[in-house]
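Let me begin by presenting the structure, written as structure tokens, before commenting on it.
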Amino acid sequence: MFGAAWSWFRSRVPINEEVLRHMSAEPVAGHLKRWWWCLGGTPLYLFLLQVLTGIILTFYYIPNPEHAYESVRTITQELPYGWYLRSFHKWGANLMIVAVLLHMIRVYFSGAYRNPRELNWVVGCMLLFVTLGFGFTGYSLLWEQLSYWGITVAGNILRATPLMGDLLADFMRGGQEVGTNTLTRFYVFHIGILPTVLIGFLVVHVYLIRTHGVSQLEGERSTDQKTFPFFPDHFLTELAIGAFLMFLISCLAVIFPAHMGPEANPLVTPEHIKPEWYFFWAFRWLKLMTDTQAVMTQGVFMAFIVIWPFIDGWIRKRWSRSEISIYVGIAVILYLLGLTVWEALYLLHG
Ligand code: HEM
């Protein structure tokens with residue numbers, strides 16, 4: 001029965017099984033058996049889960065300030081398994097950011113951003129910014145007090161950008177006020193523009209990975225490298241990791257389900273405005289100086305991360321055995337972690 005259906009299909013859609021077998025059995029470098037060396041697959045998988053759960057959420061969410069909060073409440077409290085769907089999407093988003101950061105840390109400390117992979121690091125940074133953009137726009141869609149005031153603070157920060165501050169802030173808000181236009185924009189970015197941009201960057205990212213191959217372990221030459229086939233070995237490992245992630249997200253969704261905060265009220269400023277944890281560092285930094293100083297220094301900091309492979313390349317041309325990248329990496333992590341913990345403690349006790 002199945003054989004007849006298959007040959008019916010084959011006679012209409014010619015498939016070269018030999019090519020298919022060859023492509024799927026491509027050898028994968030032995031050191032990719034270490035899970036931390038192929039962490040990049042995790043955000044990819046989580047992104048697919050986010051698309052799936054996000055599409056179902058769009059069936060019920062209403063992107064209008066008058067109905068947005070109520071529609072989220074309906075999803076959370078009335079829709080069968082709506083609470084699970086929303087909580088799954090929320091935890092998936094958090095894990096995706098954690099996975100991207102861990103992947104970035106692995107790439108950094110294994111020196112995999114160096115020649116010839118500098119541009120792929122830059123593409124990776126764009127993927128990180130887009131992922132953070134998902135978090136920011138998604139948090140705002142809830143139209144809770146914290147969403148509303150988070151957008152207001154972001155508008156003030158953008159306005160402090162020299163030369164084009166007003167332009168950027170008005171573009172983000174869709175005018176001078178946070179309102180209907182803002183929510184429409186955030187929705188379009190969250191479900192349309194950002195996914196498209198992310199997929200575009202992913203295509204370039206994967207193309208460059210395929211072109212250069214994944215970097216080797218230090219001290220290992222390509223000639224004495226052990227390999228294993230992509231299919232079924234690597235494929236099954238990734239499948240097992242995927243199943244574990246679904247289990248983990250489900251546990252988090254059940255134990256810590258997504259709640260509803262108070263609805264947005266432009267007339268009442270909350271005592272503490274609280275962004276998502278991955279923006280704590282930037283929020284704390286903002287409190288230590290004027291808005292313009294914060295925008296400028298954060299801009300320089302992010303530009304530094306993006307172009308680091310070129311700075312590092314320049315340093316290593318002069319001092320080939322320099323280990324400065326290790327100290328720079330540790331300093332950046334301590335800086336981000338320090339500000340994050342500081343802000344978290346402030347919000348806890350403040
Ligand atoms: C949505 C986010 C991302 C996805 C889905 C992704 C996916 C991947 C995958 C599947 C690999 C193959 C090797 C591995 O699994 O580690 C890889 C390698 C790489 N990624 Fe990413 N990545 C993302 C973000 C980033 C970020 C934020 C950076 C750095 C700023 C980055 C830089 C790199 C580099 C340089 C390589 C080559 C590593 C090597 O050859 O060892 N990626 N990425």
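The values are calculated or read from the model by the stated rules, or taken from the named source; none is laboratory data. Since the structure is predicted, the reported quantities are computational estimates derived from the model, not experimental observations. Cβ placement follows ideal geometry from the backbone for every residue including glycine, while neighbour counts extend to all protein chains displayed.
Listing for the model above:
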{"quantity": "Hey, W121 at pLDDT 95 or above, more than 11 Å from the ligand (Cβ to nearest atom) and among the aromatic types (F, W, Y) or not", "calculated": "no"}
{"quantity": "Where a residue in region 163-181 is more than 20 Å from P266 (Cα to Cα) and its partner, wherever it lies, is in a loop (DSSP other than H, G, I, E, B) and among the polar types (S, T, N, Q), with Cβ under 6 Å and at least six apart", "calculated": "L168/T161"}
{"quantity": "Failed item, numbered, when F283 is tested on (1) under 30 Å from N115 (Cα atoms); (2) in contact (Cβ under 8 Å) with a residue 12 or more places away in the chain", "calculated": "(1)"}
{"quantity": "Filter pass, M260 being closer than 30 Å to K90 by Cβ, in a helix (DSSP H, G or I) and hydrophobic (A, V, I, L, M, F, W, C)", "calculated": "no"}
{"quantity": "Condition met for G192 (under 30 Å from R284 (Cβ atoms) and at pLDDT 95 or above)", "calculated": "no"}
{"quantity": "Top-ranked residue of region 93-114 - restricted to ones that are more than 6 Å from the ligand (Cβ to nearest atom) and hydroxyl-bearing (S, T, Y), ranked as nearest to L141 (Cα to Cα)", "calculated": "Y108"}
{"quantity": "Near pairs, Cβ below 8 angstrom, 6+ apart or cross-chain, from region 111-132 (on the phi > 0 side of the Ramachandran plot) to any residue that is assigned to a loop (DSSP other than H, G, I, E, B)", "calculated": "G111/S215; G111/E218"}
{"quantity": "Extreme residue, surrounded by the most Cβ atoms within 10 Å (Cβ to Cβ), among residues of region 309-329 that are in a helix (DSSP H, G or I) and of a type in the set (G, A, S)", "calculated": "S325"}
{"quantity": "Tally, over region 12-51, of residues that are over 16 Å from R106 (Cβ atoms), of a type outside the set (D, E, K, R) and over 24 Å from the mean Cα position of the chain (by Cα)", "calculated": "13"}
{"quantity": "Among residues of region 108-117, those that are part of a loop (DSSP other than H, G, I, E, B), farther than 13 Å from G213 by Cα and hydroxyl-bearing (S, T, Y), counted", "calculated": "1"}
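Table: residues versus (1) assigned to a helix (DSSP H, G or I); (2) exposed (fewer than 15 other Cβ atoms within 10 Å of the Cβ); (3) aliphatic (A, V, I, L, M); (4) more than 14 Å from the ligand (Cβ to nearest atom).
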site	(1), (2), (3), (4)
E238	yes, no, no, no
F247	yes, yes, no, yes
F280	yes, no, no, yes
M289	no, yes, yes, yes
Q293	yes, yes, no, yes
